[in-house]
Structures are given as structure tokens and as C-alpha cells.
Amino acid sequence: MRKQKNLFEKITFILPILERKKFSLRIVRYLSKLKFKINIIIADGSKKNQEKYFLPLKKKHNLIFKKFPYDKNPFYFLVKLYKSTNLVHTKYTVLMENDEIMNFENYKFLVNFMEKNPRFTFTTGKIINFDLTKENNIVIAKKQCHDSFGELYKSSFHLNSQPSCWEGVHRTKNLYLILKYVLKSTDKKIDMVSFVDLINIFTVAQGDVKFFQNKTISFRQANTKFYDENDKISAGGALAKANKLRTILYFKSLKYHVEMYKILIKIIGKNLKIMFIKYYLKRVLIILYLDLKKILKFIIKIFSFKNLNNKNRINLASKSFSEITIYGYNYLNKIEKNKIKKILKYFYI
């Protein structure tokens, strides 16, 4: 028990929030029931201060609540994260989301691994997506939130290897530098797609990273936009909007990647020019193809009497617990099934 306590003393969880009061209340309810103490920083970028909702956590955890200017765009969100890392005094930092129910036991495992393997600067695990239905049932997604990438090494750094490096355990000193590098590479017009790309690339460039497929670190709600007060407060929504037509965005963001290149060659210590040229030429061709494909589908849809988006309903295997049905229950392994049964009551907002 003492070992577990020591490991959590080495981690600070940063929870960036933006509106979504219902999700704030849900995560407070969940964190209040933990049987151990954690270090947590609430980085509030909402228009209206949410501190009163998180005050109950001070009785249980080491909590710092920091109100920041309104996150009116990704740049303000980036600055908020960067300034939040300045408040961290632990060896490791974890970025949280208020739309997920975290499995803290496996975060303990990730930190223990990094303690024994100092060359790894970031580790993560499996995230299971779920949706809440209007009937208060749960639908588990077959495809996990992020693809398993195994191990990636700094010595063999390549732009083609860009796993998601958000949820997971960062060494605090490296996360600070990641955000500092992103700030140096961008400006106030930074878009969410470039923001995510730069976070991922600077993470992989700093050290070795590892994905543990057998360690589920959280259950994440995917259909949060149905509960948002507006469409502007979701990073996922911003990414989806940006993904509609990527070509224009791609050319606008090239200046950020040029600045990123200047920093990367210092971190990696080798010439990346040929890699960059090949990667971005290939990328622009792919983006052009995908955008043209979307435009063609849209034109066909306008002039067709058929509903192209009509999909057959898929019957998912289900399991019921106290009048709550979990669809896609068979997508979970034995450990995940046991875990979800224990924390099921915290899934609802």
C-alpha cells in the first residue's frame, strides 16, 4: 500500500476544462470516491468560473484550481496547458479529460515502468470509447480510441510515426518542453489539427515512447457533443470540423511545420530535410485525394434520390446490470468487464 502511495505522490494530473458543467460534476463525483490521494490541477478556461464545483475535492486530494482566460481558440488552450505545467512539482504529469473515467490502477503501472526505464519519456495504454444513449444505456465501440503503436524509439525517429500522445504519462520536464516548442512554432491562429500534430511529433522526438495494449487506462465518452452547450467547446468537434476539407488548412499550417523543423533538427541531431520533403509531398497528395472524394460524394448525394448514408443497424451483443444495458459488451476483455461493473454508476452525467 505504501508503494502505491509513493507512486501517486510522483504524479500530477492536469485537468483542462471548458464549460460542460455536467461533465465537471461527473468527474468530481468519481474522484471523490477514490480510496487514495492524488495531485490534481484544474485548469479552467470557461467563461464562468467553475471552482465551486471542484471545492469538495480539496477534502480528499491535493488540488490546485487555476482560472485562466477564456479558451476562445486553440492558442489560449495551449497557453493554459503551458502555464499549468509550471505549477507541477512532481516527476510525472498526466493530462486528463473530463469526458473519461480513468483507471488509476494502470496509471500506477505506467509510472512504475518509467521509473525502471528512464529512456522512456511517454507511456500510454488502451482507451475504450463508449456512447451514452437517450435511454441511459452504454454502447462500447469496437475500435479503441487510439491505435496500438507498440514501441517507438528516438534513435529511429520518423514523421510517419505520430501516435496520439495526449492521454498517458509524460515526464514533466519533457511535457514542459513539448508545450514550449509548440508555442515557439505557432501563433495565435494555430488550428487544432496542427496543435495535435505538433504535440505528438515533439513527444516522439524527445525520447522513447511505449503503448501497453493490455493496460486499459480509461473509458472515454465519445458522444459528448450531444451534451455540450455549444459546438465550439469540444476539441473533438474542432478536429471534426477541420477534417471536413483539409487542403486549405494544410497549406495554412505549413508555416508552423517549418518552425517545428528548425527545432526538431536540434532535438534529433540529424538532417531531416529529405524526410520532411517526402512526407509533406505525400501528405498533400493524400489530402487532395480525400477532399476531392468528399466533394464528389456530396455532389452525388445532391443529385441522387437514394440516401447514401443509410446504414444497416448492427446488433451488438449486450449485457444488463440493474436495468442498465451495455451494448458491445463482448468487445471488453475479462479485466475490463470486471472494471466496468465496479465503476458503472459513474458513467452517467
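The values are calculated or read from the model by the stated rules, or taken from the named source; none is laboratory data. Because the structure is predicted, anything quoted here is derived from the model rather than measured. In this analysis, Cβ positions are derived from the backbone assuming ideal geometry, glycine residues included, and neighbour counts consider all displayed protein chains. The accessibility values were calculated without ligands, DNA or RNA, using every heavy atom of the protein model including side chains. Shrake-Rupley method; radii C 1.70, N 1.55, O 1.52, S 1.80 Å.
Quick look at the numbers
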read-out	value
Considering residues of segment 91-108 that are touching a Leu at 6+ places or on another chain (Cβ under 9 Å) and either in a loop (DSSP other than H, G, I, E, B) or open to solvent by 40 Å² or more (accessible area, probe 1.4 Å) (or both) only, the residue farthest from LYS210 (Cα to Cα)	ASN98
Filter result for LEU245 (modelled with pLDDT under 95, surrounded by 10 or more Cβ atoms within 10 Å (Cβ to Cβ) and under 30 Å from LYS33 (Cβ atoms))	no
Any hit, segment 42-61, residues being of a type in the set (A, V, I, L, M) and in contact with a Pro (Cβ under 9 Å, 6 or more places away or on another chain)	yes
Test: residue in segment 4-26 that is free of Cβ contacts under 8 Å to residues at least 60 places away in the same chain, touching a Phe, Trp or Tyr at 6+ places or on another chain (Cβ under 7 Å) and farther than 18 Å from GLU97 by Cα	yes
Among the candidates LYS294, LYS319, LYS255, residue that is at pLDDT 90 or above, surrounded by 10 or more Cβ atoms within 10 Å (Cβ to Cβ) and among the charged types (D, E, K, R)	LYS255
All strands (runs of 3 or more DSSP E) inside segment 117-219 with 2 or more residues being open to solvent by 20 Å² or more (accessible area, probe 1.4 Å) and more than 30 Å from LYS342 (Cα to Cα)	none
Members of segment 322-335 that are part of a loop (DSSP other than H, G, I, E, B), at pLDDT 90 or above and open to solvent by 40 Å² or more (accessible area, probe 1.4 Å)	ASN333
Pairs with Cβ under 8 Å, 6+ apart, first in segment 177-206 and more than 18 Å from SER84 (Cα to Cα), second among the acidic types (Asp, Glu) and part of a helix (DSSP H, G or I)	SER185/GLU259; THR186/GLU259
Condition met for ASN338 (modelled with pLDDT of 85 or more, more than 12 Å from ILE138 (Cβ to Cβ) and either in contact with a Gly (Cβ under 7 Å, 6 or more places away or on another chain) or exposed (fewer than 11 other Cβ atoms within 10 Å of the Cβ) (or both))	yes
Complete set of residues in segment 30-46 that are at pLDDT below 95 and of a type in the set (D, E, K, R)	LYS33, LYS35, LYS37
